[in-house]
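Please read the structure below before turning to the comments.
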Amino acid sequence: MHITNIRTGLIKIPLRTPFKTSLRTIDHITSVVVAVDTDANISGIGEAHPTGPITGESLGSVRGAINEFMLPRLKGKEIQNLEDTLNTLDASIIKNTSAKAAVEMAIFDLFGKKFNIPVFRLFGGFRNKIETDLTISVNSPEEMARDSRIAIERGFRILKLKVGLNPELDIERIKAVREATGPNTVLRLDANQGWTAREAIKIMNEIAWEIPGIELVEQPVEAHDIEGLKRVRDSITTPVLADEAVFSPVDAEKIISMGAADYINIKLMKTGGLRSALRICSLAEMHRVECFLGCMMESKISVTAAAHLACARSIITRFDLDSPALCSTDPVHGGVEIDGPWLKVSEAPGLGIDQVDGIEWD
């Protein structure tokens, strides 16, 4: 089975409500969909959601990287020679992690189809079902309390609160959500690099007394400030999750060796795909550091790929694969089955995606 072409297109999916963080606000998911075609008349599918404030990519840069650098190198490569094909993909261009992730997940989709195995079985097959949290966008305390109650009514037991805008108001936001949801709801905080180390320490120590039961705080400081991240971890009792600070296995090794975080957040749009994510998992296993599997604002295409990874490895213990649940429609047929907070992968070969509606092919 040889690669004959790589096609790209756009998909746009409206959200239930605007998605707001300390970095950006969006009301639609807009992604590049990738189809890797072969001489066996079988195609694999992937997705890149470019997040400029994090990965530095755009819709245009993703398509340019694929068409100008990846396609010429990959054309004619054999899917069954997986290592050689993925090495060629990695060497085609530096960085461009979302573009690489999209093409790579399509290649793994093809590999699974060729050998009649679902991707999660290929990677380890630890389980077939996981529970995700649901993200609550940063808004006024009253709006976040309302949105949290709605999430609980939808069956979600774990909420991730976006904070990082105005430290004093962040405390009021967290208090309002805790009062609205009660003590049994698991709360995670995500500052998206919005605090300084000093602010993070002050906020987290204050709420440790007033708002019990915060499971973790994610990326409280800027991605480059590893020393600040470690200072926060050493100064608070709440576990710290590194997100934007970790793109590669090298980044993960640095965070782990410095003791700068309790958990590592893996996202395919950061790692450049499943293979690099697996390497982070192996590194984490060596050091007994649990991993968190997250996503950008992606459709069910790439969330399906992430769910296969999440189900495959036991070192991944927490899941933030909620972007399809934030959408008002789902154009993806097949793939991961979603029932409220529960995501279940199937035994269908590859990623198990049958069809995607509404793609505007180039």
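Laboratory data are not the source of any read-out in this text; all were calculated from the coordinates shown. Just so it is clear, the structure is predicted and the values come from calculations on it, not from any experiment. Backbone-built Cβ (ideal geometry, glycine too); neighbour counts: all protein chains shown.
Seen through its C-alpha gyration tensor, with square-root eigenvalues sorted a ≥ b ≥ c, the range 1-82 comes out prolate because a/c lies at 1.5 or above while a/b is bigger than b/c. Helical content alone sets the calculated 222 nm signal of the chain at -11500 deg cm²/dmol, taking -39,500 (n - 2.57) per DSSP H segment of four or more residues and averaging over every residue. For Lys160, the residues whose amide H sits under 5 Å from its own are Leu134, Thr135, Ile136, Arg188, ignoring neighbours fewer than 5 places away on the same chain, with H placed 1.01 Å from N.
Dipole magnitude for the range 3-115: about 400 debye, using +1 per Lys or Arg Cβ and -1 per Asp or Glu Cβ, origin at the Cα centre. Legend: residue pairs Lys202/Lys230; Lys12/Lys160; Lys75/Lys100; Lys254/Lys300, Cα-Cα distance threshold 20 Å; pairs beyond threshold, Lys12/Lys160; Lys254/Lys300.
Karplus-based coupling profile of the range 211-226, in residue order and whole Hz: 10, x, x, 6, 6, 6, 10, 9, 5, x, 10, 4, 4, 6, 8, 5, with θ = phi - 60° in 6.51 cos²θ - 1.76 cosθ + 1.60 and x standing for Gly or Pro.
When +1 charges are put on Lys and Arg Cβ atoms and -1 charges on Asp and Glu Cβ atoms, the dipole computed for the chain relative to its Cα centre reaches about 400 debye. Here the spin labels are modelled as points 7 Å beyond Cα on the Cα-Cβ line, and at Arg157 and Asp354 they lie 3.1 nm apart. In the set (1) 17.2; (2) 35.7; (3) 15.8, which value of mean projected area of the Cα convex hull in nm² was calculated from the structure you see? Matching entry in (1) 17.2; (2) 35.7; (3) 15.8: (3).
In the chain, the longest principal axis of the Cα atoms and the axis of helix 249-258 are about 30 degrees apart.
With Cα atoms defining each centre, the range 37-86 and the range 173-212 are spaced 39 Å apart in the structure. Of all DSSP-defined beta bridges confined to the chain, some 55% are antiparallel rather than parallel. Look at the alpha carbon pairs under 8 Å that are at least 6 residues apart: their mean separation over the length of the chain gives a relative contact order of 21 percent. Our coupling estimate for the range 300-306, obtained by passing each phi through the Karplus curve with A = 6.51, B = -1.76, C = 1.60 and θ = phi - 60°, is 5, 5, 6, 5, 4, 4, 5 Hz, Gly and Pro reported as x.
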